[in-house]
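Input: a single structure, listed below in structure tokens.
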Amino acid sequence: MDRITSMRVFVRAAGAGSLSAAARQLGMSPAMATKHVNALEARLGVKLFHRTTRRLALTEAGSNYLDACQRILAEIDEAEAEAASQRVTASGLLRMNVPLSFGSRFIAPLMPAFARLHPEVRVELGLSDAQLDVIADNWDLAIRIGRLADSPLQARRLADCAMRVCAAPTYLDSRGVPRRIAELAQHNCLGYTLTAMQDGSHWAFGLRGEFRVPASGNLMANNGDALLAAAVGGQGIIYQPDFIVATALERGELVALELDRPVVDLGGIHVLYPPDRRPPAKVRVMIDYLAEAFADRQ
């Protein structure tokens, strides 16, 4: 028998003086209510009631146990009410795992307005380019850039994300401008270590990465901003998402290269969250907020 339900039957029966009355209040049969009390007495090894044909009376052990049950059930009800309220009212700590450069550039600047809208939500931003396990590491949300692997996580697309092949004008002036992907083998290609499309010796092109060409250089990094700084300084060519290089392109610090094959289709920017048909309000409001903020990037 479920111990919590048995405790509820016991408390109701003690208050009403009748197992039948307790059964009516809890929507169960008198026989089931009797089984619950019998199960408690068997577990505890004591009698909780003196039973007569007319009324139940608590034993001394039953009276002591009643106080404990009332306290425990009140704490359970309070805990359940608090948990349920978080599905209605956005509150509590929201842990969100975000790629480092993207989080610094685009997510952190959105947080002041979010805090004004939802003052009871505290946000922990975990900025890392490593693909951390959302469920095992207890993240409420994660933002992922690229094609999504099969997983139990729920996903909502936030925006598109194009790739760019870029280099500084000074580099291109000294080394020439490649026009075909095969020519990258003669250039200093600065690689990103956290993606299979740049493995240190090859870069992938074509919408699904079907064309692989030799591409290597004297610098690899696990962060796009580090590669951006090197490319702006004239060290070599980079192959990075638009959100990394867009400002440098606008300023003329980098030049986008037009090659004979298309860049890989990253698949977009998504927000991921654990599978829950009714996620807490703090999760729902953050997802909706991010979707609205990135709506103009679709």
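Could you pull out every one of the strands (runs of 3 or more DSSP E) wholly within the stretch 191-266 that has 3 or more residues that are surrounded by 21 or more Cβ atoms within 10 Å (Cβ to Cβ)? Spell out the reasoning first.
On the way: elements: 202-205, 211-214, 238-241.
In the stretch 191-266, 202-205, 238-241 are the strands (runs of 3 or more DSSP E) which contain 3 or more residues that are surrounded by 21 or more Cβ atoms within 10 Å (Cβ to Cβ).
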So, restricting to strands (runs of 3 or more DSSP E) that lie completely within the stretch 12-113, which ones have at least 1 residues that are within 30 Å of Leu290 (Cα to Cα)? 92-98
Which residue is farthest from the chain's Cα centre (by Cα), if the candidates are limited to the stretch 267-282 and must be within 30 Å of Arg212 (Cβ to Cβ) and assigned to a loop (DSSP other than H, G, I, E, B)? Gly267
Give the residues of the stretch 44-77 that are within 29 Å of the chain's Cα centre (by Cα) and either touching a residue at least 40 places away in the same chain (Cβ under 8 Å) or more than 16 Å from Thr5 (Cα to Cα) (or both), sorted by residue number. Ile76
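On the basis of being within 20 Å of the chain's Cα centre (by Cα), at pLDDT 90 or above and under 30 Å from Trp139 (Cβ atoms), does Val123 make the cut? First the steps, then the outcome.
Numbers: within 20 Å of the chain's Cα centre (by Cα): yes; at pLDDT 90 or above: yes; under 30 Å from Trp139 (Cβ atoms): yes.
Yes: the conditions hold for Val123.
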Among the residues of the stretch 115-130, what is the count of those that are surrounded by 13 or more Cβ atoms within 10 Å (Cβ to Cβ) and more than 16 Å from Arg284 (Cα to Cα)? 5
Checking the conditions here, which among Asp140, Asp133 is crowded, with 20+ Cβ neighbours inside 10 Å, more than 22 Å from Gly209 (Cβ to Cβ) and at pLDDT below 95? Asp140
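The values are calculated or read from the model by the stated rules, or taken from the named source; none is laboratory data. Since this is a predicted model, take the numbers as computed values, not measurements. Reconstructed Cβ throughout: ideal geometry from the backbone, glycine too, with neighbour counts over all protein chains shown.
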